[in-house]
């Protein structure tokens with residue numbers, strides 16, 4: 001790879017001087033200020049911080065659901081104009097249409113992303129996507145017939161079915177019980193490993209971030225939150241939970257994350 005191409009790959013998802021504020025009756029409320037960060041092509045990054053620090057605001061701007069007050073977001077060297085199928089988004093709630101089956105919910109996205117494909121080709125994409133998250137036997141079930149974990153599997157399958165340039169995940173397991181959350185973290189790791197889509201995931205869970213990430217970006221507390229530290233995660237891939245937990249440096253990295261978050265709490269209390 002030549003130097004220009006390598007630099008582009010190193011800034012595949014790029015946040016440049018990103019600022020988001022809202023007008024209030026007094027002075028503007030600044031949620032995020034001068035957020036500068038780049039995700040490399042094929043990298044999985046978790047964005048971590050306390051509730052209310054602006055993590056989801058950053059992700060929503062990347063998804064094109066919010067506009068920045070200043071700065072911008074580039075995907076593969078182009079500034080995003082708004083929502084688009086080049087970005088697959090998974091929310092905390094999967095937002096499925098209740099009158100449609102799992103197959104139909106995913107097909108709706110595939111038809112939008114690949115209008116030029118034949119019906120058979122689109123159907124193959126949908127089936128393959130749902131099978132990859134363990135829903136091969138539930139293709140024709142409606143959301144009411146699925147557990148909360150299964151509904152979120154549909155959301156993950158839908159995002160991957162777009163074959164997006166970037167995958168954006170906003171605390172996708174935050175509403176699930178611990179056992180289901182652990183299962184779906186592994187499903188996500190395994191599905192992501194098949195094609196290594198560039199991914200940015202918001203979480204406040206230290207162990208989740210360590211298990212999933214290549215790097216972890218830590219945000220300071222709001223208001224006017226910024227990028228605090230960035231930590232490289234050394235665990236190899238393919239990744240299994242037991243191997244990660246047994247890594248000799250696991251608890252060193254875990255303590256570093258916790259210390260950062262505790263320092264933010266103390267700094268906020270002292271302000």
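Against the list (1) surrounded by fewer than 21 Cβ atoms within 10 Å (Cβ to Cβ); (2) at pLDDT 95 or above, the condition residue 167 fails is (1). Taking the criterion of being outside any helix (DSSP H, G or I) and either on the phi > 0 side of the Ramachandran plot or touching a residue at least 12 places away in the same chain (Cβ under 8 Å) (or both), the residues of segment 115-144 that qualify are 133, 134, 135, 138, 139, 140, 141, 142. Sub-8 Å Cβ pairs linking a first residue in segment 92-114 that is on the phi > 0 side of the Ramachandran plot and in contact (Cβ under 8 Å) with a residue 40 or more places away in the chain to a second residue that is surrounded by 15 or more Cβ atoms within 10 Å (Cβ to Cβ) and in a helix (DSSP H, G or I), at least 6 apart or interchain, are 95/155, ordered by first then second residue. The set of residues from segment 87-113 being in a loop (DSSP other than H, G, I, E, B) and either over 30 Å from residue 37 (Cβ atoms) or at pLDDT 95 or above (or both) comprises 96, 97, 98, 99, 100, 101. Among the numbered criteria (1) part of a loop (DSSP other than H, G, I, E, B); (2) buried (at least 18 other Cβ atoms within 10 Å of the Cβ); (3) in contact with a strand residue (DSSP E or B) (Cβ under 7 Å, 6 or more places away or on another chain), which single criterion is violated by residue 223? The one condition residue 223 does not meet is (2).
Residue count for segment 178-216 under the criterion of being over 18 Å from residue 133 (Cβ atoms) and surrounded by fewer than 21 Cβ atoms within 10 Å (Cβ to Cβ): the result is 7. Quick check on segment 260-270. Is at least one of its residues modelled with pLDDT under 95, in a loop (DSSP other than H, G, I, E, B) and either exposed (fewer than 15 other Cβ atoms within 10 Å of the Cβ) or out of contact with any strand residue (DSSP E or B) (no Cβ under 8 Å at 6 or more places or on another chain) (or both)? No: zero hits.
Taking the numbered list (1) under 25 Å from residue 167 (Cβ atoms); (2) more than 20 Å from the chain's Cα centre (by Cα) in turn, residue 252 passes all entries but (1). Every test in (1) closer than 24 Å to residue 233 by Cα; (2) part of a loop (DSSP other than H, G, I, E, B) is passed by residue 45 save one, and that test is (2). If you go through segment 208-239 and pick out every residue that is without any contact (Cβ under 8 Å) to a residue 24 or more places away in the chain and more than 19 Å from residue 38 (Cα to Cα), you end up with 1.
Results for (1) in contact with a helix residue (DSSP H, G or I) (Cβ under 9 Å, 6 or more places away or on another chain); (2) assigned to a loop (DSSP other than H, G, I, E, B); (3) modelled with pLDDT under 95, shown as yes or no for each residue.
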{"site": "6", "(1), (2), (3)": "no, no, yes"}
{"site": "21", "(1), (2), (3)": "no, no, yes"}
{"site": "37", "(1), (2), (3)": "yes, no, no"}
{"site": "58", "(1), (2), (3)": "no, no, no"}
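For segment 173-204, filtered to residues that are within 11 Å of residue 149 (Cβ to Cβ) and part of a loop (DSSP other than H, G, I, E, B), the residue that is farthest from the chain's Cα centre (by Cα) is 177. Of all residues in segment 28-60, those satisfying the criterion of being within 11 Å of residue 222 (Cβ to Cβ) and surrounded by fewer than 24 Cβ atoms within 10 Å (Cβ to Cβ) are 29, 30, 31, 33, 50, 51, 52, 57. Being within 27 Å of residue 194 (Cα to Cα) and surrounded by fewer than 20 Cβ atoms within 10 Å (Cβ to Cβ) is the filter here; which residues of segment 64-78 pass it? Passing the criteria: 64, 74, 76, 77, 78. Suppose the filter is touching a helix residue (DSSP H, G or I) at 6+ places or on another chain (Cβ under 7 Å) and without any contact (Cβ under 8 Å) to a residue 24 or more places away in the chain; does residue 149 pass it? So residue 149 fails the test.
The values are calculated or read from the model by the stated rules, or taken from the named source; none is laboratory data. These numbers come from a predicted model, not from an experiment. Every residue, glycine as well, gets a Cβ built from its backbone with ideal geometry; the counts of neighbours run over all protein chains shown.
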